[in-house]
Amino acid sequence: MSTASAPGKIILFGEHAVVYGRPALAVPVTQVHTDVEITEGQGTGIRIDAPNIFLQTQLSALSSTNPLRSVIEKTLQTFSISASPALTIRILSTIPVASGLGSGAAVSVAIIRALAAHFGQAIDDERVNQLAYDVEKIHHGTPSGIDNTVITFAQPVYFVKEQPIETLQVLRPFTIVIADTGILAPTRESVGDVRKLWASNPKRWELVFDKIGEIARAARQAIQNGEWQAMGALMDTNQALLQEMTVSSPELDKLVVVAKTSGAEGAKLSGGGRGGNMIALVRPENAEKVAFALLDSGARQTIVTVVQ
Ligand code: MEV
């Protein structure tokens, strides 16, 4: 059996503006992950078994634009495997779907690496990242590539679209509480709506994206200088700009207020928004209290992660 695993991710700063070339910061979240196991199948063809999404099917029965079919076929093409091999690909994931935690990119990265292991193919991170990005385009339309990049490299990144990846040196670890609204985040739709806003008044929205880019740059400095507390106010300002961009939601706003009133240093949505997860920067000693308050106010699930 060949196996591979990929972590979840959160965007700390810069979602949406990153699609327009501004920098963004993202970190892996190892508490949630996608695991892929590949075994030799019987007969012919590839069988998919993904119990978390209640999917059990032959690959050939999926539509040709299905992201799972697409990632498997693109990977086999890369390895010059033309005949359909007899395989069972089992996908197990603890990353909630459509929650801003990168479930789609994690599935792609884990499948690419498990197929490479199964066929004894060496594949470097750049190639994994490119293949996963091609599939992200099916999920999200015009993705920046930040999700597949942070998940492929599994390290904190300072990301600028179409620029070489820059990993972040975290001088002092910091603690984030992640809370799920339980509402599916319609990333394709929110990215499309921001595009419409921008098209209706590019001058105004370019300025907003500039402000978000400045926040991401300031946050990088804070992280690299070990001044993590400075990120609290930056998160609050980033959240206000995301609200202006119409990508927050009453449920996200409520969790942000609860996080702040229960002791967080700053809080914001993370990812596409309008659902999915929010993140709160906390002093380590406050993490449990903030997580409890969020659960008490309707969060579906919380994760406490230490970025280092
Ligand atoms: C989604 O995780 C992040 C967005 O900025 C979209 C993207 O970067 O492709 C909303």
*Among (1) within 22 Å of residue 249 (Cα to Cα); (2) without any contact (Cβ under 8 Å) to a residue 24 or more places away in the chain, the one test that residue 221 misses*: (1)
*Flag if residue 223 is part of a helix (DSSP H, G or I), touching a helix residue (DSSP H, G or I) at 6+ places or on another chain (Cβ under 9 Å) and of a type in the set (A, V, I, L, M)*: yes
*Could you tell me which of the residues 290, 258 is surrounded by 22 or more Cβ atoms within 10 Å (Cβ to Cβ), in contact with a helix residue (DSSP H, G or I) (Cβ under 6 Å, 6 or more places away or on another chain) and more than 23 Å from residue 8 (Cα to Cα)?*
258
*Right, residue 39: surrounded by fewer than 18 Cβ atoms within 10 Å (Cβ to Cβ), closer than 17 Å to residue 113 by Cα and in contact (Cβ under 8 Å) with a residue 60 or more places away in the chain or not?*
no
*asked:* Cβ-Cβ under 8 Å, sequence separation 6+ or interchain: first residue in the stretch 177-195 and closer than 11 Å to residue 99 by Cβ and of a type in the set (Asp, Glu), partner more than 13 Å from the ligand (Cβ to nearest atom) and not in a helix (DSSP H, G or I). Which pairs?
replied: 180/96; 180/299; 180/300; 180/301; 180/302
*Report, by residue number, each residue of the stretch 1-48 that is under 21 Å from residue 272 (Cα atoms) and either among the acidic types (Asp, Glu) or in a loop (DSSP other than H, G, I, E, B) (or both).*
14, 15, 16, 21, 22, 23
*Applying the selection to the stretch 49-68, what residues are in a strand (DSSP E or B), touching a residue at least 24 places away in the same chain (Cβ under 8 Å) and over 25 Å from residue 185 (Cβ atoms)?*
49
*For residue 175, work out the one condition from (1) more than 16 Å from the ligand (Cβ to nearest atom); (2) farther than 30 Å from residue 38 by Cβ; (3) polar (S, T, N, Q); (4) part of a loop (DSSP other than H, G, I, E, B) it doesn't fulfil.*
(4)
*Hey, can you tell me all the residues within the stretch 71-103 that are within 16 Å of the ligand (Cβ to nearest atom) and on the phi < 0 side of the Ramachandran plot?*
95, 96, 97, 99, 101, 103
*Looking at the stretch 230-277, which of its residues are in a helix (DSSP H, G or I), of a type in the set (Asp, Glu) and in contact (Cβ under 8 Å) with a residue 12 or more places away in the chain?*
236, 244, 251
_From the list 17, 50, exactly one residue is within 15 Å of the ligand (Cβ to nearest atom), outside the structural domain of residue 210 (by TED's automatic domain parsing) and surrounded by 15 or more Cβ atoms within 10 Å (Cβ to Cβ). Which is it?_
17
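The values are calculated or read from the model by the stated rules, or taken from the named source; none is laboratory data. Quick caveat: nothing in here was measured; it's all calculated off a predicted structure. Glycine also receives a Cβ, built like all others from the backbone with ideal geometry; neighbour counts cover every protein chain displayed.
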